[in-house]
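Worksheet for the structure shown next.
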Amino acid sequence: MDVCSVWLIICLLISSTVHALGQISSTKAVLNWTTACLGQAGVAMDRAFLRDSQAEYLEIYAKTLKATEKLRNLPVHFYRGYFGPWVENIFIERFMSKPPLYFFPLIPLFIQWTDYSRLVHRMKTDPALIRALNMSIDSRFPYLAVSQHDCGIHQFMKLFPNIIVMSAGGNGHVPIPLLKKVMSMPMDPEKRTIEVLFQGNIRNGPRQELLNKFLRSGAQVLQKAPGKLEDYAAVLAQSAFTFAPFGVGRTSFRMYEALQSGSIPIYIYNDVPWLPYQSRLDWSEFAFVCSQSDVESAGWQVLKAVHNATRLHAMQHAARKWVQSHWTYDGVMQHIDYLFTDTDRSDLYCERPPDQWCIYGLSIFEQENVAYKLADREAIKLNKTRLVQHAELDGRVTFGEAK
């Protein structure tokens, strides 16, 4: 064997060793993150078992994938002119092709939670979901779910407390942004002639009361009813601030649409502020965050900022700084990827799930499909066609028609 061959073999051995050590390091980091996350919710995992459970893990992973098969490839729901894909769909698309041990020791639940809840006529806890999870969930392993729904998957968190939920709507362990279509409008601060914008359904929850309190400060607010997405994007791009109170869940699409457009959100929360990346990002640099009891005070602070060009431009610059890396689907997926490949680079953080699981106390299956009521007739017809095509997930699950 010549010298070159020997060096090649040595290099390959070194490379393999470094790769193996890297995998061990990543697995240890994910294990630490997982046990700490569930620990905040009072759920203890057996670390010694998990460290040496790869063979059993692979078996349970395959079983889970099979059991949840009928909860994927469903019609994607629509909302206010946007037909998806949504964060749950993109998570499935991006991560389902990963090798199982990529997630170890977490077992991902590739389920279209929100699409399923909007299609199924049954309300409250649904037997198909319960059956699928009962068939696959093993209490010895931690699981991972990504949920967009306003009220999350709280009932399943209660039944299966070893599920870590990344929640966009405001109920889970890990806050992630609630995203719709990514806005891409000019963001020149000098052209923002509207002080504060509120465009949306003012009758949703206590929004009218909150807005009235905010207006006592003397801030000028342009109020617009829901309209076409293109018109909304154009007005948003001209707004220095965006009034973004909580909705049915703890946050709203409006807050992230504002951030994407360089408009500073005025985020009003009810019981718990649902802010992604809070352990790494200082939200006060690019947003006003206040509880609903402090809305009037926030109005005065916004009014001061409107007349302070230096601060206003600094906040708008800070908002734009994080758009691609944090306020887009690609950004969210990148931070989920970092969680498994380079945990310290992920800005996702885990917290104890809120005690009140939904602001209006509504189950994932108790809400009416608001999209059906707001959509135009053609959209309703399209969804009726989709419902017919997906008449059953299995022998005992019936889908309801759009109303």
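Just a few scattered comments:
- For region 22-178, the fraction of C-alpha pairs farther apart than 24 angstrom is 31 percent.
- Centre separation in Å (Cα based) which lies between region 141-160 and region 83-116: 13
- Karplus-derived 3J(HN,Hα), 6.51/-1.76/1.60, for each residue of region 258-269, Hz, glycine and proline x: 5, 4, 5, 9, x, 8, 7, x, 9, 8, 10, 10
- Protection proxy ranking, peptides 298-310, 315-327, 264-276, average beta carbon neighbours within 10 Å, highest first: 264-276, 315-327, 298-310
- Cα-Cα pairs of region 194-327 separated by more than 27 Å (percent): 10
- Under 11 Å from the N204 label point (7 Å along Cα→beta-carbon), backbone N, region 234-249: 244-249
- Cα gyration tensor, region 31-77 - rounded (a/c under 1.5), prolate or oblate: oblate
- Amide hydrogen neighbours beyond the local backbone of Y143, cut-off 5 Å, H modeled: I107, I163, I164
- With the highest mean first, a sort of the peptides 71-77, 278-284 on other beta-carbon atoms found within 10 angstrom per residue produces 71-77, 278-284.
- Bridges between two residues of region 22-178, per DSSP, are antiparallel at a rate of about 10%.
- One decimal place: the segment L222-K158 gains 18.8 nm when fully extended, by the rule 0.36 nm per residue minus the C-alpha distance.
- Annotation: amide H-H contacts under 5 Å for T242 (H modelled 1.01 Å from N, sequence separation of 5 or more, or interchain): L197, I264, I266.
Laboratory data are not the source of any read-out in this text; all were calculated from the coordinates shown. Since the structure is predicted, the reported quantities are computational estimates derived from the model, not experimental observations. Glycine gets a Cβ as well: all are built from the backbone with ideal geometry, and neighbour counts include every protein chain shown.
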